[in-house]
Amino acid sequence: MDRLRGEFIDIIEWTDDSRDTIVWRYPRYENEIKMGAKLIVRESQVAVFVNMGRIADVFVPGMYELQTGNLPILSTLQGWKYGFHAPFKAEVYFITTRQFTDMKWGTQNPVTLRDPEFGMVRLRAFGGYAARVTDPARLLTELAGTDPQFRTEEVEDYLRQLIVGRLGALLGSSGIPVLDLAARQTELGDQLGKALTEELAASHGISIPKFVIENISLPPEVEQAIDARSRMGIIGNVDNYARMQAADAVRDAANNPGGAGEGVGLGLGMAAGQQMAQAFMPQQAFTPQQPYPPAAPAPGGAAVPPPLPGQQQYQWYVAVDGQQQGPYDQATFTGHIRSGAVRPGMLAWREGMAAWQPLEQIPELAQHLRATPPPLPPQA
């Protein structure tokens, strides 16, 4: 039947019923296209006419009648008896010129770069892009070849490799801090799409009219560190941070019922209660020039005696993540040490000290540090 149909005048056309076909070859028995065949090229298409293995012409949208003066003398199946024209070996490839907008890309492995604030970080990114054929003849010779149906999936992996290769160089050379990448995603996408178009148009006849970066993400551990830093910035005070930590611990203990969880929750709840009580108790700040609070008059005109000698009230300061917190009076500060909000290794200072020192090296504070109990003796 294909051979019989080949003896009639051809009407060569293509109505695309797919959304991913880039190149489609017109099926013709032994590639024998008749003299005077009608070629119909629709909008968003071009037709490439290949004669004797070489590209003869490229047809834009419209209707054409195929004519040539270089034809074989003999016809097939004695077609001269029926007025058939002599056939000639030729192929017609239809190429879609519309945009393919459902193309996706993503980094299979993280891209490592140096950030001015966080140091060395690893980034992952994904998004989408649109591709379009701008030079049908070059696409046919460089990518599609003689494939009767060339689809987007056959070139998508190659384009994804080019994108990921360009992405690392673009992010590394941009000098944009990690925290500012979200605000510059559109700008980076436009730059990457332009660079890809310059490379692909000259070599493969493809352009990237639209490139979108949907998301640039950090590793989970870095995101957790950023979240903790944001929380500290919002809290801004070691007292509030300690209360928040205690409240989180109580919540976690409540979510894990059992003897150990209940014991931990009870202890942390008591510590949280003490901290909240201290927070709401009115405290009087003392200055070095006023080491003792002024005596308040008692009923009858008698004065309340000041604190006993040797019980001077110091104002303590502590360094948390490189920031100075305080001042705190002696009772409040030692309460923070006992609750664990102020831990060994942190630097503290008060008036009279030559420099900041770790807590464990200050005798009057070291006694308040938590001691780790020894293991329990074997049970009978």
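The residue list Arg25, Arg5, Arg19 contains one member that is open to solvent by 90 Å² or more (accessible area, probe 1.4 Å) and at pLDDT 65 or above, which is Arg19.
The set of residues in the range 335-355 being in contact with a Phe, Trp or Tyr (Cβ under 9 Å, 6 or more places away or on another chain) and either among the polar types (S, T, N, Q) or closer than 11 Å to Leu369 by Cβ (or both) consists of Val342 alone. The set of residues in the range 347-362 being touching a strand residue (DSSP E or B) at 6+ places or on another chain (Cβ under 9 Å) and within 15 Å of Tyr328 (Cα to Cα) consists of Leu347, Ala348, Trp349, Arg350, Leu359.
If only residues of the range 49-66 that are surrounded by 18 or more Cβ atoms within 10 Å (Cβ to Cβ) and within 49 Å of the chain's Cα centre (by Cα) are counted, the one that is farthest from Leu140 (Cα to Cα) is Phe59. Glu360 falls short on exactly one of the conditions (1) in a helix (DSSP H, G or I); (2) modelled with pLDDT of 85 or more; (3) within 22 Å of Ala246 (Cα to Cα), and that condition is (3).
With the condition kept exactly as written, say whether any residue in the range 36-48 is of a type in the set (S, T, N, Q), open to solvent by less than 80 Å² (accessible area, probe 1.4 Å) and at pLDDT below 80. No, every residue in the range 36-48 fails to be of a type in the set (S, T, N, Q), open to solvent by less than 80 Å² (accessible area, probe 1.4 Å) and at pLDDT below 80.
Just the residues that are among the acidic types (Asp, Glu) and assigned to a loop (DSSP other than H, G, I, E, B), please, taken from the range 11-62.
Let us first name the residues in the range 11-62 that are among the acidic types (Asp, Glu), namely 13, 16-17, 20, 30, 32, 43, 57.
The answer is Glu13, Asp16, Asp17, Asp20, Glu43.
A Cβ distance below 8 Å, combined with a sequence gap of six or more or placement on separate chains, defines the contacts here; from the range 183-208, residues that are more than 20 Å from Tyr158 (Cα to Cα) reach residues that are at pLDDT below 90 and part of a strand (DSSP E or B) in the pairs Gln185/Ile216.
The values are calculated or read from the model by the stated rules, or taken from the named source; none is laboratory data. As the structure is a computational prediction, the values presented were derived from the model and not from experiment. When we count neighbours, we look across all protein chains shown, and the Cβ atoms used for this are built from the backbone with ideal geometry, even at glycine. Areas reflect the complete protein model, heavy atoms only, side chains present, ligands, DNA and RNA absent. Shrake-Rupley method; radii C 1.70, N 1.55, O 1.52, S 1.80 Å.
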